[in-house]
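The values are calculated or read from the model by the stated rules, or taken from the named source; none is laboratory data. Not measured: the values here are computed from a predicted model. With ideal geometry, Cβ positions are generated from the backbone for all residues, glycine too; neighbour counts draw on all protein chains shown. Only protein heavy atoms, including side chains, enter the accessible area calculation; ligands, DNA and RNA are left aside. Shrake-Rupley method; radii C 1.70, N 1.55, O 1.52, S 1.80 Å.
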Amino acid sequence: MNPDNIRIVLVNTSHPGNIGGVARAMKNMGLGRLYLVAPRDYPNEQAVWRAASANDVLDNAIVVPTLNEAIGDCQFVVGTSARERRIPWPLLDARQCAARMAEASGREQVAVLFGREDRGLTNEELKVCNLHLNIPTSGEYSSLNLAMAVQIVAYELRMLSSDNETPVSDAQEWDAPFASRDNMERFYTHLEEALVDIEFLDPAAPRQLMSRLRRLYSRVRLDEMELNILRGILTETQKWVERGKNSER
Ligand code: SAH
């Protein structure tokens with residue numbers, strides 16, 4: 001994926017605030033190339049205000065009078081639409097479509113077109129696209145604010161970018177190694193013993209208890225330290241049972 005090869009194209013936007021919001025959404029997600037096709041009220045200080053610290057994206061935005069001038073050099077063009085099946089066309093959701101764009105951006109110029117606040121992209125504009133992208137929404141209200149639609153598409157691209165260091169809570173981040181299978185088996189044996197000792201488990205009628213407990217512990221993935229704590233608790237519990245028995249005698 002090469003974000004430098006991906007441009008966001010806003011067609012005939014009415015509200016300059018939305019243009020600023022788009023610039024911000026783009027910069028947050030590491031995109032920088034913005035094209036404005038015949039914006040209705042631009043430049044405008046509302047755009048600057050809404051862009052916050054993404055003024056560089058606005059400053060570098062390219063304003064052109066026609067769509068052709070914004071996408072003439074592109075090999076892969078995606079049109080976004082709030083309504084599914086406006087015209088029958090290959091249609092993907094934002095995630096699927098981001099994968100196609102990310103792949104194409106390795107060697108091609110990619111454009112994503114966003115339409116007017118009041119009536120979206122025209123059928124003519126949608127027909128120049130290779131693919132249509134729809135962000136799935138509630139059936140009751142499918143039309144997102146323009147900048148929010150850009151945000152979602154930019155986020156999906158971000159998730160595919162190699163710069164994206166998603167913290168993964170896996171072994172490398174954890175402060176103790178996860179318990180080995182052998183140690184888990186020793187723990188289950190110990191647990192079963194202790195449950196028999198305290199008469200919670202009747203060996204004559206064990207039912208599904210041990211399977212259920214296995215399922216519980218495997219869901220959380222114990223680490224070695226946690227396992228030792230649990231084994232310690234079992235050992236102490238067994239000592240108490242033993243003491244109780246001795247004092248009864
Ligand atoms: N009434 C217009 C909605 C325009 S919203 C219509 O029915 O098309 C402004 C722009 O935001 C749209 O042109 C599109 O680019 C984008 N957008 C809004 N909601 C979207 C959605 N659910 N999926 C994809 N793009 C969306």
(request) Give me the accessible area per residue for the stretch 147-249, probe 1.4 Å, as a whole number in Å². (result) 72
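Find the accessible area per residue for the stretch 29-136; the probe is 1.4 Å, ligands and nucleic acids are left out, and the unit is Å². Don't skip to the end; give the middle numbers.
On the way: 5590 Å² over 108 residues.
Roughly 52 Å² per residue, with all protein chains present.
Can you work out D for the chain in µm² s⁻¹ from Stokes-Einstein, where Rh is the Kirkwood radius over C-alpha pairs, the temperature is 20 °C and the viscosity is 1.002 mPa s?
On the way: Rh = 22.3 Å.
It diffuses with D of about 96 µm²/s by this estimate.
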(message) Accessible area of the chain with a 1.4 Å probe: how many percent of it is carbon plus sulfur?
(response) 50
(request) Would you calculate a helix-derived [θ] at 222 nm for the chain, using -39,500 (n - 2.57) for each DSSP H run of n ≥ 4 and dividing by the full residue count, to the nearest 500? (result) -14000 deg cm²/dmol
(message) How big is the stretch 51-167 along each principal axis, measuring the range of its Cα positions in Å and listing the largest first?
(response) 36, 36, 32
(message) Run the numbers for A82 and E185: contour at 0.36 nm per residue of separation, minus the present Cα-Cα distance, in nm.
(response) 31.7 nm
(request) May I ask for the percentage of alpha-carbon pairs in the stretch 174-248 that lie more than 22 Å from each other? (result) 29
(request) With label points built 7 Å along Cα→Cβ from the Cα atoms of N123 and E140, find their separation and express it in nm. (result) 3.1
(request) Calculate how many DSSP beta bridges within the stretch 3-171 are antiparallel, expressed in % of all such bridges and rounded to the nearest 5. (result) 5
